[in-house]
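Shown next, in C-alpha coordinates, is the structure this report addresses.
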Amino acid sequence: MRFLEKIFGKKIENENRSKPFYQNKNDIERLDWFKRTRPWHQVDERIISAFINKFSNHGDGEGMFEVFVVFSMKHGLVHNYCNLKHSEVIDSPELICSIISQQLYNIGTVSLKELLILIDDLARNKEKFKHHYSIVMDAFETAVILDDKQFSAYANLAIAKMLLNKFDESLQYAMKGLYVIREIKKLNIPFHLSKSDEIKNAKENIEEAEDKLSNLVLDLQNKLRD
(Lines give C-alpha, C1' and ligand atoms only; values in the text may rest on other atoms or scores of the structure.)
Protein backbone atom coordinates (compact mmCIF):
# COMPACT_ATOMS: atom_id res chain seq x y z
CA MET A 1 0.00 0.00 0.00
CA ARG A 2 2.79 2.47 0.88
CA PHE A 3 4.52 1.53 -2.36
CA LEU A 4 1.39 2.45 -4.33
CA GLU A 5 1.03 5.71 -2.40
CA LYS A 6 4.56 6.70 -3.41
CA ILE A 7 3.68 6.12 -7.06
CA PHE A 8 0.14 7.48 -7.24
CA GLY A 9 -0.04 9.67 -4.14
CA LYS A 10 -2.20 9.34 -1.08
CA LYS A 11 -5.83 8.44 -1.71
CA ILE A 12 -8.23 11.38 -1.51
CA GLU A 13 -11.74 10.73 -0.29
CA ASN A 14 -14.23 11.71 -3.01
CA GLU A 15 -11.37 13.05 -5.16
CA ASN A 16 -12.28 15.75 -7.66
CA ARG A 17 -11.19 14.80 -11.17
CA SER A 18 -13.52 16.84 -13.36
CA LYS A 19 -14.86 20.01 -11.69
CA PRO A 20 -12.91 23.11 -12.86
CA PHE A 21 -12.14 25.81 -10.31
CA TYR A 22 -14.37 28.47 -11.88
CA GLN A 23 -17.49 26.42 -11.14
CA ASN A 24 -17.11 27.01 -7.40
CA LYS A 25 -19.78 29.45 -6.26
CA ASN A 26 -18.51 30.46 -2.81
CA ASP A 27 -15.63 30.10 -0.36
CA ILE A 28 -17.01 26.89 1.15
CA GLU A 29 -17.02 25.25 -2.27
CA ARG A 30 -13.56 26.63 -3.02
CA LEU A 31 -12.10 25.21 0.19
CA ASP A 32 -13.71 21.85 -0.55
CA TRP A 33 -12.30 21.96 -4.10
CA PHE A 34 -8.76 22.52 -2.82
CA LYS A 35 -9.11 19.67 -0.33
CA ARG A 36 -10.23 17.21 -3.01
CA THR A 37 -8.11 18.29 -5.99
CA ARG A 38 -4.52 17.28 -6.70
CA PRO A 39 -1.98 18.68 -6.02
CA TRP A 40 -3.72 21.31 -3.89
CA HIS A 41 -4.93 18.71 -1.37
CA GLN A 42 -1.38 18.67 0.07
CA VAL A 43 -1.38 22.38 0.91
CA ASP A 44 -2.04 23.18 4.59
CA GLU A 45 -5.60 24.39 5.16
CA ARG A 46 -4.32 27.50 6.97
CA ILE A 47 -2.51 28.52 3.78
CA ILE A 48 -5.54 27.78 1.60
CA SER A 49 -7.78 29.80 3.92
CA ALA A 50 -5.32 32.70 3.86
CA PHE A 51 -5.43 33.19 0.11
CA ILE A 52 -9.15 32.40 -0.14
CA ASN A 53 -9.70 35.34 2.20
CA LYS A 54 -7.44 37.62 0.14
CA PHE A 55 -9.14 36.92 -3.18
CA SER A 56 -12.66 36.91 -1.73
CA ASN A 57 -12.18 40.39 -0.27
CA HIS A 58 -10.80 41.93 -3.46
CA GLY A 59 -12.93 43.66 -6.08
CA ASP A 60 -11.51 41.65 -8.97
CA GLY A 61 -10.83 38.64 -6.80
CA GLU A 62 -13.17 36.08 -8.33
CA GLY A 63 -11.70 36.16 -11.83
CA MET A 64 -8.14 36.63 -10.60
CA PHE A 65 -8.51 33.71 -8.19
CA GLU A 66 -8.85 31.35 -11.13
CA VAL A 67 -5.84 33.03 -12.76
CA PHE A 68 -3.87 32.41 -9.56
CA VAL A 69 -4.85 28.73 -9.41
CA VAL A 70 -4.00 28.05 -13.06
CA PHE A 71 -0.79 30.11 -12.91
CA SER A 72 0.39 28.35 -9.75
CA MET A 73 -0.11 24.92 -11.29
CA LYS A 74 1.43 25.87 -14.62
CA HIS A 75 4.58 27.23 -12.98
CA GLY A 76 4.97 24.49 -10.37
CA LEU A 77 4.32 26.72 -7.37
CA VAL A 78 1.90 24.44 -5.51
CA HIS A 79 4.81 22.39 -4.18
CA ASN A 80 6.27 25.61 -2.73
CA TYR A 81 2.97 26.34 -1.02
CA CYS A 82 2.99 22.84 0.48
CA ASN A 83 6.41 23.49 2.02
CA LEU A 84 5.15 26.61 3.77
CA LYS A 85 3.47 24.38 6.37
CA HIS A 86 6.96 24.08 7.92
CA SER A 87 7.39 27.86 8.02
CA GLU A 88 7.62 29.63 11.37
CA VAL A 89 5.00 32.11 10.12
CA ILE A 90 2.42 29.43 9.25
CA ASP A 91 -0.07 30.95 11.70
CA SER A 92 0.23 34.44 10.21
CA PRO A 93 -2.04 34.68 7.12
CA GLU A 94 -0.59 38.08 6.14
CA LEU A 95 3.00 36.84 6.15
CA ILE A 96 2.09 33.62 4.34
CA CYS A 97 0.36 35.61 1.60
CA SER A 98 3.33 37.98 1.43
CA ILE A 99 5.69 35.03 0.85
CA ILE A 100 3.46 33.64 -1.91
CA SER A 101 3.17 37.11 -3.42
CA GLN A 102 6.96 37.35 -3.59
CA GLN A 103 7.17 33.99 -5.38
CA LEU A 104 4.73 35.24 -8.00
CA TYR A 105 6.64 38.52 -8.24
CA ASN A 106 9.92 36.70 -8.89
CA ILE A 107 8.45 34.82 -11.85
CA GLY A 108 6.96 38.01 -13.25
CA THR A 109 10.30 39.80 -12.99
CA VAL A 110 12.03 37.17 -15.13
CA SER A 111 9.44 37.58 -17.89
CA LEU A 112 9.55 41.38 -17.67
CA LYS A 113 13.28 41.25 -18.40
CA GLU A 114 12.47 39.15 -21.47
CA LEU A 115 9.92 41.74 -22.63
CA LEU A 116 12.52 44.50 -22.42
CA ILE A 117 14.74 42.48 -24.77
CA LEU A 118 12.01 41.30 -27.15
CA ILE A 119 10.53 44.77 -27.65
CA ASP A 120 13.63 45.77 -29.66
CA ASP A 121 12.50 43.47 -32.48
CA LEU A 122 8.81 42.99 -31.82
CA ALA A 123 7.96 42.12 -35.41
CA ARG A 124 10.04 38.96 -35.20
CA ASN A 125 9.19 38.13 -31.59
CA LYS A 126 5.42 38.64 -31.38
CA GLU A 127 4.59 35.18 -30.02
CA LYS A 128 7.38 35.20 -27.44
CA PHE A 129 6.40 38.71 -26.40
CA LYS A 130 2.77 37.68 -26.03
CA HIS A 131 3.79 34.68 -23.91
CA HIS A 132 5.94 36.68 -21.50
CA TYR A 133 3.46 39.57 -21.38
CA SER A 134 0.78 37.13 -20.19
CA ILE A 135 3.10 35.85 -17.47
CA VAL A 136 3.95 39.39 -16.38
CA MET A 137 0.32 40.45 -16.07
CA ASP A 138 -0.86 37.28 -14.31
CA ALA A 139 2.09 37.18 -11.90
CA PHE A 140 2.02 40.82 -10.83
CA GLU A 141 -1.77 41.20 -10.78
CA THR A 142 -2.14 38.23 -8.44
CA ALA A 143 0.89 39.32 -6.39
CA VAL A 144 -0.70 42.66 -5.47
CA ILE A 145 -3.92 40.96 -4.41
CA LEU A 146 -2.03 38.72 -2.00
CA ASP A 147 0.13 41.58 -0.73
CA ASP A 148 -1.26 45.06 -1.30
CA LYS A 149 2.08 46.59 -0.23
CA GLN A 150 3.88 45.03 -3.21
CA PHE A 151 4.63 48.42 -4.80
CA SER A 152 7.35 46.98 -7.05
CA ALA A 153 4.72 44.84 -8.78
CA TYR A 154 2.69 47.97 -9.59
CA ALA A 155 5.82 49.62 -10.97
CA ASN A 156 6.52 46.62 -13.19
CA LEU A 157 2.93 46.51 -14.42
CA ALA A 158 3.32 50.17 -15.36
CA ILE A 159 6.47 49.35 -17.34
CA ALA A 160 4.78 46.46 -19.16
CA LYS A 161 1.87 48.67 -20.22
CA MET A 162 4.23 51.46 -21.27
CA LEU A 163 6.03 49.06 -23.63
CA LEU A 164 2.74 48.74 -25.53
CA ASN A 165 2.18 52.52 -25.49
CA LYS A 166 -0.82 52.04 -23.19
CA PHE A 167 0.11 55.16 -21.28
CA ASP A 168 -3.23 55.65 -19.54
CA GLU A 169 -3.16 52.14 -18.04
CA SER A 170 0.53 52.50 -17.23
CA LEU A 171 -0.19 55.74 -15.37
CA GLN A 172 -2.88 54.05 -13.26
CA TYR A 173 -0.46 51.35 -12.14
CA ALA A 174 2.33 53.84 -11.46
CA MET A 175 0.03 55.99 -9.32
CA LYS A 176 -1.14 52.92 -7.39
CA GLY A 177 2.48 52.08 -6.68
CA LEU A 178 3.15 55.62 -5.46
CA TYR A 179 0.08 55.50 -3.22
CA VAL A 180 1.26 52.23 -1.64
CA ILE A 181 4.73 53.64 -0.99
CA ARG A 182 3.32 56.75 0.69
CA GLU A 183 1.03 54.63 2.85
CA ILE A 184 4.02 52.52 3.94
CA LYS A 185 6.00 55.67 4.80
CA LYS A 186 3.15 56.88 7.02
CA LEU A 187 3.62 53.79 9.20
CA ASN A 188 7.12 54.95 10.22
CA ILE A 189 8.38 51.37 10.42
CA PRO A 190 11.79 51.26 12.21
CA PHE A 191 13.56 49.32 9.45
CA HIS A 192 16.96 50.45 10.80
CA LEU A 193 16.50 48.33 13.94
CA SER A 194 16.38 45.08 11.98
CA LYS A 195 19.31 42.63 12.09
CA SER A 196 18.76 41.90 8.40
CA ASP A 197 20.77 44.14 6.06
CA GLU A 198 18.05 43.85 3.43
CA ILE A 199 15.36 45.10 5.82
CA LYS A 200 17.72 47.65 7.38
CA ASN A 201 18.14 49.31 3.98
CA ALA A 202 14.42 49.17 3.17
CA LYS A 203 13.83 52.87 3.87
CA GLU A 204 16.44 53.93 1.29
CA ASN A 205 15.08 51.42 -1.22
CA ILE A 206 11.54 52.70 -0.73
CA GLU A 207 12.62 56.31 -1.20
CA GLU A 208 14.52 55.37 -4.36
CA ALA A 209 11.45 53.56 -5.70
CA GLU A 210 9.30 56.60 -4.86
CA ASP A 211 11.62 58.88 -6.86
CA LYS A 212 11.57 56.55 -9.87
CA LEU A 213 7.79 56.17 -9.80
CA SER A 214 7.31 59.93 -9.37
CA ASN A 215 9.44 60.53 -12.46
CA LEU A 216 7.55 57.83 -14.34
CA VAL A 217 4.22 59.44 -13.46
CA LEU A 218 5.42 62.82 -14.74
CA ASP A 219 6.72 61.23 -17.93
CA LEU A 220 3.44 59.42 -18.55
CA GLN A 221 1.37 62.52 -17.84
CA ASN A 222 3.44 64.42 -20.42
CA LYS A 223 2.95 61.65 -22.99
CA LEU A 224 -0.81 61.73 -22.44
CA ARG A 225 -0.85 65.52 -22.98
CA ASP A 226 0.98 65.26 -26.32
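The values are calculated or read from the model by the stated rules, or taken from the named source; none is laboratory data. All of these numbers come straight from a predicted model, not from anything done at the bench. Every residue, glycine among them, receives a Cβ derived from its backbone with ideal geometry; neighbour counts consider all protein chains shown.
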Exactly one condition in (1) within 21 Å of V180 (Cα to Cα); (2) among the acidic types (D, E); (3) more than 13 Å from the chain's Cα centre (by Cα); (4) surrounded by 15 or more Cβ atoms within 10 Å (Cβ to Cβ) is false for D148; which is it?
(3)
Looking at the stretch 134-148, can you tell me whether even one residue there is closer than 24 Å to E207 by Cα and outside any helix (DSSP H, G or I)?
yes
So the helices (runs of 4 or more DSSP H) completely within the stretch 11-97 holding 1 or more residues that are touching a Pro at 6+ places or on another chain (Cβ under 6 Å), at pLDDT 95 or above and closer than 19 Å to A143 by Cα are 45-56, 78-83
